[in-house]
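Beneath this line is the structure, given in structure tokens, with notes to follow.
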Amino acid sequence: QVQLVESGGAWVQPGGSLRLSCAASGFTFSAYAMSWYRQAPGKERELVAEISSVSGRTNYADSVKGRFTISRDNAKNTVYLQMNSLKPEDTAVYYCKRSRSGSWGQGTQVTVSS
């Protein structure tokens, strides 16, 4: 079964950085595109970034372009989200997702405040 375990979330001051990790199992990791989503209280879950399985092409929400970088290590079955220049508006629970799957991990909390 598809399993996704997010980690790396923390409390950080505005302008700080964090790197989130998502450990995947239960499928051939290299064959699937992977994405990061986030959900703030009272708001819908939104797509933050995605990376393709073969070409490594990436796509980002306008709100995070230039600040966040998605990457993957197929040897480790892990996808990462490097978050720089964090803003209070980035506060949310962050989730990773495999393409063509409706399964989610437990998420990891990111809180940006002073």
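Using a cutoff of 8 angstrom between alpha carbon atoms and counting only pairs six or more residues apart, the relative contact order for the chain works out to 37 percent. Please report the carbon-and-sulfur percent of the accessible area for the range 10-62; probe 1.4 Å, protein heavy atoms only, DNA, RNA and ligands left out. Carbon and sulfur atoms account for 47 percent of the accessible area of the range 10-62. Averaged over its residues, the chain has an accessible area of 53 Å² per residue, based on protein heavy atoms and a 1.4 Å probe.
What residues of the range 70-93 lie in the reach of a label at Gln13, counting those whose backbone N is under 17 Å from a point 7 Å from the Cα along Cα→Cβ? Output list for this probe position: 84-89. What net charge is computed for the residues neighbouring Ala31, neighbours being all others with C-beta under 14 Å from the C-beta of Ala31, Lys and Arg scored +1, Asp and Glu -1? Result for the local shell: +3. Hey, how many Å between the Cα centroid of the range 38-54 and the Cα centroid of the range 100-114? If we compute the Cα centre of each part, the gap is 9 Å. Sorting Glu44, Glu89, Glu6, Glu50 by accessible area puts them as Glu44, Glu89, Glu50, Glu6; the probe is 1.4 Å, largest comes first, and only protein heavy atoms count.
For the chain, the average shadow cast by the Cα convex hull is 6.6 nm², which is a quarter of the hull's surface. The order of Asp62, Asp90 by accessible area, most exposed first and with a 1.4 Å probe, is Asp62, Asp90.
In terms of accessible area, using a 1.4 Å probe and ignoring ligands and nucleic acids, Trp36, Trp104, Trp11 rank largest first as Trp11, Trp104, Trp36.
The values are calculated or read from the model by the stated rules, or taken from the named source; none is laboratory data. The model shown is predicted, which means the values in this text are computed figures rather than measured ones. Neighbour counts are summed over all protein chains in view; Cβ atoms, including those assigned to glycine, are modelled from backbone coordinates with ideal geometry. These area figures cover heavy atoms from the full protein model, side chains too; ligands, DNA and RNA do not enter into them. Shrake-Rupley method; radii C 1.70, N 1.55, O 1.52, S 1.80 Å.
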